[in-house]
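The values are calculated or read from the model by the stated rules, or taken from the named source; none is laboratory data. Small disclaimer: the values here were computed from a predicted structure and weren't measured. Note: ideal-geometry Cβ built from the backbone for every residue, glycine included; neighbour counts use all protein chains shown. The area values use the complete protein model at the heavy-atom level, side chains included, leaving out ligands, DNA and RNA. Shrake-Rupley method; radii C 1.70, N 1.55, O 1.52, S 1.80 Å.
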Amino acid sequence: MTRGLVANLVTDLQREVDLLLAHTDRTHVMASLLDGSADRDLYIGFLVQTRHYVARTYPTLVDAGKRMRALGRYPKLAALLEQKADEEHGHEVLIDNDFKALGADPAATMAATGPNHWIRTYNAWSAAMSTGQHPIGVLGSAYVLEALSIHRAKPMADGLRDAGKIDGIADAVSFLDLHAEADVAHVADMDAILNDIGDADEDEAILLTAQMTRTAYVGQLEAVGESLKA
C-alpha cells in the first residue's frame, strides 16, 4: 500500500523529534531551564503549562483506546494506546508535588493561569483525534513528547539543581526526573510497533499529529516567555 505523505513512519517521527529539539533549544525558556538560569517564576510558568496538557493525556489516551476498539481495527494498536494510558496515569500529581516543593499551592497556582492558546489548541486537537476515525494519531504526540523528555528532561533537571538558583529546586524536579528515565522504554515500545502499521491513513494521522505537537510545544514555550515580559 502506498504510504502517501509518509515514507517511513519511525524515520519521519525521528525527523520531527530532531526539529523539535532544535527549535525548543532556541527559545529563552528552554535555554534557561537547561543552563539553570531560570528563576522561580519562569519554572513555575513552565510547569503550569505542562500540567495543563499532562492532565489531559490519560483521558485522551483512554478515549483513543476505546475508539480504536469500537472501530474494530488493529487490536494491537488499541492495546498500545491502553498501555500508553496506563503509563501516563497520575503524572500531573508529580507536578503538584513540584509546586509544593517550590512553596506554591497547586490548586491556586493552576487557577491563576489558564492554558495558553497553544496548549488549548494542542488539547483540542488531541481530543478530536482520540474520538475520530484515526484515534491512533494521538501516538504522534506521545512519540515526540516522550522523545523530547529522553533528550531534555535530565539536562533540565540537572541544570536547575546544579545552579541552585531557585529555593527548594532539589525537590522540585520530580516530573522531569521520572520522564528522563521512563520515556526511553516508552519510545522503544512504539518504535517496535509503528512501522508495522502499513496503512497510509493511520500513518498520516500519526505524523500530522506529531507535526502539530511540535509546533504547539515550541509555541507554548515562546508564549510562557512572552507572558513573563508583560
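Among the listed residues HIS23, HIS52, identify the single one that is under 20 Å from SER174 (Cβ atoms), assigned to a helix (DSSP H, G or I) and modelled with pLDDT of 95 or more.
Of HIS23, HIS52, the one residue that is under 20 Å from SER174 (Cβ atoms), assigned to a helix (DSSP H, G or I) and modelled with pLDDT of 95 or more is HIS52.
Among all residue pairs at least 6 apart or on different chains, which show Cβ distances below 7 Å where the first residue, located in segment 97-108, is in a helix (DSSP H, G or I) and the second is surrounded by 18 or more Cβ atoms within 10 Å (Cβ to Cβ) and β-branched (Val, Ile, Thr)?
Taking only residues 6 or more apart or on different chains, the pairs are ASP98/VAL173; PHE99/THR109.
Considering each of VAL93, VAL29, VAL48 in turn, give the residue that is β-branched (Val, Ile, Thr) and open to solvent by 10 Å² or more (accessible area, probe 1.4 Å).
The unique qualifying residue is VAL93.
Hey, VAL144 hits all of (1) among the aliphatic types (A, V, I, L, M); (2) surrounded by fewer than 20 Cβ atoms within 10 Å (Cβ to Cβ); (3) in contact with a Lys or Arg (Cβ under 7 Å, 6 or more places away or on another chain) but one; which does it fall short on?
(2)
Exactly one condition in (1) of a type in the set (A, V, I, L, M); (2) in contact (Cβ under 8 Å) with a residue 60 or more places away in the chain; (3) within 26 Å of SER32 (Cα to Cα) is false for ILE150; which is it?
Condition (2) is where ILE150 drops out.
All but one of (1) without any contact (Cβ under 8 Å) to a residue 12 or more places away in the chain; (2) open to solvent by less than 60 Å² (accessible area, probe 1.4 Å) hold for TYR53, so report the exception by its number.
Every listed condition holds for TYR53 apart from (1).
Please tell me if ILE150 is under 18 Å from HIS91 (Cβ atoms) and either of a type in the set (A, V, I, L, M, F, W, C) or buried (at least 21 other Cβ atoms within 10 Å of the Cβ) (or both).
Yes; evaluated as a whole, the condition is true for this residue.
Would it be correct to say that ARG69 is of a type in the set (Lys, Arg) and either modelled with pLDDT under 95 or surrounded by fewer than 17 Cβ atoms within 10 Å (Cβ to Cβ) (or both)?
yes
From the set of residues in segment 3-20 that are in a loop (DSSP other than H, G, I, E, B) and surrounded by 15 or more Cβ atoms within 10 Å (Cβ to Cβ), which is modelled with the highest pLDDT?
Once the filter is applied, the top-ranked residue is VAL6.
What is the one condition in (1) at pLDDT 95 or above; (2) out of contact with any Asp or Glu (no Cβ under 7 Å at 6 or more places or on another chain); (3) in a helix (DSSP H, G or I) that ALA79 does not satisfy?
Among (1) at pLDDT 95 or above; (2) out of contact with any Asp or Glu (no Cβ under 7 Å at 6 or more places or on another chain); (3) in a helix (DSSP H, G or I), ALA79 violates only (1).
When you go through PRO75, PRO59 one by one, which is the residue that is under 18 Å from the mean Cα position of the chain (by Cα) and either open to solvent by 40 Å² or more (accessible area, probe 1.4 Å) or within 28 Å of HIS117 (Cα to Cα) (or both)?
PRO59
Output the number of residues of segment 156-196 satisfying the condition of being within 19 Å of LEU21 (Cβ to Cβ), modelled with pLDDT of 75 or more, surrounded by fewer than 16 Cβ atoms within 10 Å (Cβ to Cβ) and in contact with a helix residue (DSSP H, G or I) (Cβ under 8 Å, 6 or more places away or on another chain).
Of the residues in that region, 1 qualify.
Checking ALA64 against (1) closer than 19 Å to ASP177 by Cα; (2) open to solvent by less than 10 Å² (accessible area, probe 1.4 Å), which test does it fail?
(1)
Can you find a residue in segment 157-180 that is part of a loop (DSSP other than H, G, I, E, B) and among the polar types (S, T, N, Q)?
No, because not a single residue in segment 157-180 is part of a loop (DSSP other than H, G, I, E, B) and among the polar types (S, T, N, Q).
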